[in-house]
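Scroll down for the structure; my scribbles are underneath it.
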Amino acid sequence: MSDATTPPDRLSNDPASPFFNEAILERGIGIRFKGVEKTNVEEYCVSEGWVRLAVGKAMDRKGRPLTMKVTGTVEPYFRDTAA
């Protein structure tokens, strides 16, 4: 992360992912996808323009939520200001 006020280009909720960052997730990230606030985002990428959304409450065999990749405009933001 280059700037404390700009969220990263790509971020994931999955600890096994190379794009997982616990410090940023604890700070709080909000996602606007196609202008609508989304709360079920598992992973996003701004430069490629996609999000992975959890599909219902279904889980895969490893206990992770089933996801669907959807393309569109992604706008991440911090829910609070930098300390």
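Values in this text are rule-based calculations from the coordinates and carry no lab data. Just so it is clear, the model here is predicted, and its values are computed rather than measured. A quick note on method: Cβ atoms are made from the backbone with ideal geometry, for glycine too, and the neighbour counts reach across all protein chains shown.
Here is how the numbers come out for the structure above:
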item: For the chain, the spread of Cα positions along each principal axis, largest first, Å; result: 38, 26, 20
item: Long-range amide H partners of Phe20 with built H, under 5 Å; result: Ser12
item: For the chain, the longest site-free run once trypsin sites (Lys or Arg not before Pro) in DSSP loop states with at most 14 other Cβ atoms within 10 Å are removed; result: 1-33
item: Within straight-line cross-link reach of Lys57, lysines at Cα separation under 19 Å, skipping those fewer than 8 residues along the same chain; result: Lys38, Lys69
item: Calculated [θ] (222 nm, deg cm²/dmol) that DSSP helices of n ≥ 4 give over the chain, each run adding -39,500 (n - 2.57); result: -1500 deg cm²/dmol
item: Under the Karplus curve 6.51 cos²θ - 1.76 cosθ + 1.60, θ = phi - 60°, whole-Hz ³J(HN,Hα) for the stretch 66-72, x wherever Gly or Pro sits; result: 6, 10, 10, 8, 10, 9, x
item: Among Pro65, Trp50, Pro15 the positive-end extreme of the charge dipole of the chain (Cβ point charges); result: Pro65
item: Residue-by-residue Karplus 3J(HN,Hα) for the stretch 23-36, coefficients 6.51, -1.76, 1.60, Hz, glycine and proline x; result: 4, 6, 5, 5, 5, x, 10, x, 10, 9, 10, 6, x, 10
